[in-house]
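I have placed the structure first, in the form of structure tokens, so that the comments after it can refer back to it.
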Amino acid sequence: MSTLTHKARPARARKVRRYSTADRVVLTLMLGVPALVVLAFVWGPALGSVFLSFTRWNGVTAIQPVGFQNYEQIATIYPPFWPALRNNVIWLLVLALIATPLGLFLAVLLDKNIRGTRVYQSVFYLPVVLSLALVGFIWTLLYSQDQGLINQLSGANVNWLGNSDVNLWAVLVAASWRHVGYIMVLYLAGLKGVDPSIKEAASIDGANQRQTFFRVIFPVLKPINVIVLVVTVIEGLRAFDIVYIINKGTNGLELLSVLITNNIIGEASRIGFGSAIAVILLVISLVFIVTYLVQTFKKEGAR
């Protein structure tokens with residue numbers, strides 16, 4: 001009985017795509033130019049601020065190294081710092097715990113394709129198109145003590161922006177008005193990308209709408225959650241325009257961004273001192289973002 005021996009066929013060599021010189025030039029430009037822009041306009045100034053925070057410099061005379069002296073003065077003999085830091089933390093917490101969940105809630109409602117969805121989307125998103133400076137101007141008119149719409153409708157005589165006990169909360173309403181629309185659009189885009197079969201499978205398993213959202217849909221929105229976190233932290237810590245329009249960030253509206261501006265481009269320019277405040281603001285923002293990302297990746301690795 002004869003046996004047939006089959007010779008192993010040689011494996012086909014993978015075709016390696018060879019890029020032409022033109023392709024390499026295009027790829028280099030597409031990757032290199034954005035990288036250079038980020039280095040020049042983001043990381044360059046950030047690292048420059050870190051360096052300048054350890055110096056004394058007014059932009060004219062020679063730079064003098066002073067070690068940690070700027071940071072010591074900020075913490076001990078610079079009265080506006082602690083109120084500004086407190087206001088920034090309050091600002092961030094209000095956006096994170098009130099405005100962002102409200103934006104998510106609106107996105108969930110509008111995702112149900114109710115009648116007039118497009119109109120509601122436009123109405124809620126309209127404030128996002130406006131700059132914070134313009135938002136501050138609009139709400140200054142609404143909060144005006146003498147002729148403001150709020151006092152006229154309520155019959156009250158509250159100095160919403162002049163009273164340091166209430167002006168921060170009044171401004172936070174204006175900032176949240178804009179933030180809610182931004183978060184709504186981000187989550188609405190994420191919800192539109194969720195596979196409908198996931199919802200159907202959860203419904204077949206007996207999950208109600210609340211269980212389906214928090215146990216099935218919300219975990220799928222993890223990439224959107226990361227974006228929302230970064231946006232919220234940035235919006236909470238970089239707030240500047242709206243308070244500067246109202247009263248230049250004084251009388252209860254002190255923020256770290258205002259202190260940075262006043263020290264760097266104020267009459268007595270202290271670039272090193274202002275850079276130290278900017279570094280503190282950078283560290284605070286990185287703490288929130290990095291902590292969240294580390295926790296997220298740990299949960300992914302544990303699965």
Selection within the stretch 264-297 - assigned to a loop (DSSP other than H, G, I, E, B) and open to solvent by 50 Å² or more (accessible area, probe 1.4 Å) = Glu267, Ala268, Arg270
If we keep just the residues of the stretch 164-196 that are under 20 Å from Asn113 (Cβ atoms) and among the charged types (D, E, K, R), which is most open to solvent (accessible area, probe 1.4 Å)?
-> Lys192
From the set of residues in the stretch 248-281 that are out of contact with any helix residue (DSSP H, G or I) (no Cβ under 6 Å at 6 or more places or on another chain), at pLDDT 90 or above and of a type in the set (A, V, I, L, M, F, W, C), which is farthest from Asn225 (Cα to Cα)?
-> Val258
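Table: residues versus (1) loosely packed, with under 13 Cβ neighbours inside 10 Å; (2) at pLDDT below 90.
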site	(1), (2)
Thr3	yes, yes
Val37	yes, no
Val42	yes, yes
Gln73	no, no
Pro79	yes, no
Asn88	no, no
What are the pairs, 6+ residues apart or on separate chains, where a residue within the stretch 201-223 that is in contact (Cβ under 8 Å) with a residue 12 or more places away in the chain and open to solvent by less than 60 Å² (accessible area, probe 1.4 Å) has its Cβ under 6 Å from a residue that is in a loop (DSSP other than H, G, I, E, B) and of a type in the set (A, V, I, L, M, F, W, C)?
-> Ile217/Val194
Ser122 passes all but one of (1) over 19 Å from the mean Cα position of the chain (by Cα); (2) among the polar types (S, T, N, Q); (3) surrounded by 13 or more Cβ atoms within 10 Å (Cβ to Cβ); which number fails?
-> (3)
Inter-residue pairs, beta-carbon under 8 Å, first more than 30 Å from Ser275 (Cα to Cα) and in the stretch 17-46, second surrounded by 10 or more Cβ atoms within 10 Å (Cβ to Cβ) and not aliphatic (A, V, I, L, M), 6+ apart = Leu27/Tyr19
Return the only residue of Trp177, Trp169 being touching a Pro at 6+ places or on another chain (Cβ under 8 Å) and free of Cβ contacts under 8 Å to residues at least 60 places away in the same chain.
-> Trp177
Residues in the stretch 151-163: is at least one open to solvent by less than 30 Å² (accessible area, probe 1.4 Å), out of contact with any Leu (no Cβ under 8 Å at 6 or more places or on another chain), closer than 27 Å to Asn247 by Cβ and aliphatic (A, V, I, L, M)?
-> yes
Counted residues, the stretch 48-62 - those being open to solvent by 60 Å² or more (accessible area, probe 1.4 Å) and at pLDDT below 90 = 5
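The values are calculated or read from the model by the stated rules, or taken from the named source; none is laboratory data. Please read these numbers as outputs of a predicted model, since none were measured by experiment. Please note: Cβ atoms are built from the backbone with ideal geometry, for glycine as well, and neighbour counts cover all protein chains shown. Accessible surface areas use protein heavy atoms only, side chains included; no ligands, DNA or RNA. Shrake-Rupley method; radii C 1.70, N 1.55, O 1.52, S 1.80 Å.
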